[in-house]
Amino acid sequence: MDQPLLGMKVVEVAGGSPAAYCTHLLAGYGAEVVRAEGHGSPGWTLSDDESTYLLPGKRRILLGADPAGELARLVGVADVVVLDGTPGRFDVAAWRQANPALVAVTIAPFGQTGPDRQQPADDLIAFAAGGTMSLTGDPASTPLVTGGSQAMYFAGLHAFSALLAGYYGTVVHGEGDWIDLSLQECLAGALELYGPAAAHGEPAALRFGNYHRAVWAVYPCADGYAGVFCLERQVPALFALIGDPVLQEERFRDPLQRPAHDEELSAYVLSFMVDRTGDELIRLGAEHRIPFGKVRTPAELIAGPALHERGFFDLVTTADGHLVHVPGRPFVAFDWSGGGTVTEAEPATAAAVAERWESR
C-alpha cells in the first residue's frame, strides 16, 4: 500500500525524544515533518545518537528574530503540531483558535494542568512515578529502571496513536483537538494487572527480576540466555517437548495446582534449556508451536537475518559521513520511507514553508 500519511503537514517543536519519535513515525509513513528549532529552552533535548535516529527525513528550520510569531504562522497552516517538555511554553489554545482544524499534541512530565505540572521528570523519574519501577529489579535489591529511554519512547508511541485518531476525526468532522499527554500517566497505564491495585493504595506486586514463573521466564542456555513464554494453551506442547513423564502429573498439568510446584517445575524446564543453544530452541519452538526466544546482543540482532528479512533497519548517513543502521518501520502493512541523512537546520525558512503550505 502507499504511504498512508502523504499530504499531512506536521510541525515538530524541537524538544526531546517523545515528540521526535512521534514525528519520526509520521514522517516514515509519508507525512511532511518540519522541525522548528531555536525557540528557547525546550526542557528535553536529544542526544547525538537520538538525533541520528530521529531527525532524518525531516526538514529542520531555525527560527529567526521572532520565533514565537514565526512558529505561530507555521502552526497556523499545519495539520498537526507536536511538542514536549516543560508545559506552558507556548499558547497552544491560541494556536487552535487561529486554526480550528489543528491537532495539537503536547507531552509533558505530568501533563499541562495537573497538580505536579511544573515538576520536572526524566525517563527514570517517569518509571518511578508511573509505578513501573516497582516491578523491575531483583527482589532482594532496590528497584531498577530498564535500559534505554523506554518511558520517553513509550510516550512518543502514545502520542503517535492518539494523534492519528485525532487527525482522522479532523478529516471526518473538520474539527481539531488538543491531546494532552502525561509521561507519568503513560507509564501508569501500562501496569496492566497492577494498575487497579495501585490506584486503591494497595502495595504493588513484588519484583521478580528475570523470573516470573516456570513457564514464563529467562533461563541460561548453552550459549547465553533464552526465554520461554507460554500462555496456558501452549503449556502442554512445552511439557511434551521436554518429554519427562512426571510433567503429565495433575499437579503440573492443572494451572490451579501448578503454582504450588513452580520451583520444581522450573528445574525441569532449566534442565531442558541449559543444554541447547538459543537458535536450537527457536527452531524447536517453530516446529512445536512453543514461544522460545534468545537474549541477543545488539550486534547479534543487527547481524542476524530476521530483522533484515522484514526490512526493519534503515540506513542513515550521519553528519560526519558514517553509515549506520537504525530501527525502521514498526509494522509492515504500509510503505515506509526511512533513513537518509542528518542535515543541519536551515535559517529563516519558516515563512517560505508557511507560504508553500498555504498554497496547497
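Here are a few things to note about the model shown:
- Principal axes of the range 98-153: Cα extent on each, largest first, Å: 56, 23, 14
- Between the beta carbons of residue 244 and residue 175, assuming R0 = 56 Å, the FRET efficiency works out to 0.35 to the nearest 0.05.
- Every helix of 4 or more DSSP H residues in the chain counts as -39500 (n - 2.57), and over all residues that averages to -10500 deg cm²/dmol at 222 nm.
- Packing, taken as the mean count of other beta carbons within 10 Å per residue, orders the peptides 283-294, 96-107 from highest to lowest as 96-107, 283-294.
- Gained length - residue 113 relative to residue 356, 0.36 nm times residue gap less alpha-carbon distance: 84.0 nm
- In order along the range 99-106, the Karplus-derived 3J(HN,Hα) couplings, from 6.51 cos²θ - 1.76 cosθ + 1.60 at θ = phi - 60°, round to 9, x, 7, 5, 9, 9, 10, 10 Hz, and Gly and Pro are given as x.
- Cβ-based charge dipole, the chain, positive-most Cα from 359, 156, 267: 359
- Per residue, the convex hull around the alpha carbon atoms of the range 211-303 comes to 91 Å³.
- Answer label for Cα extents along the principal axes in Å (calculated), chosen among (i) 74, 54, 33; (ii) 75, 47, 39; (iii) 80, 53, 38: (ii)
- Average Cα contact separation per residue, the range 211-303, under 8 Å, 6 or more apart, as relative contact order %: 39
- From the largest down, the range 255-360 spans 69, 34, 24 angstrom on the principal axes of its Cα atoms.
- Separation of the residue 161 and residue 341 label points, Cα + 7 Å toward Cβ, nm: 3.7
- Amide H partners (placed H, <5 Å) of residue 35, local residues excluded: 12, 59, 60, 61
- Only Cα pairs under 8 Å and 6+ residues apart enter the sum, and on that basis the relative contact order of the chain stands at 20 percent.
- Computed over neighbours whose Cβ is under 13 Å from that of residue 340, the net charge equals +2, Lys and Arg +1, Asp and Glu -1.
Only the coordinates and a few stated rules stand behind these numbers; no lab work does. Predicted, not measured: the structure shown is a model, and the values here were computed from it. Cβ: placed from backbone, ideal geometry, glycine included. Neighbour counts: every protein chain shown.
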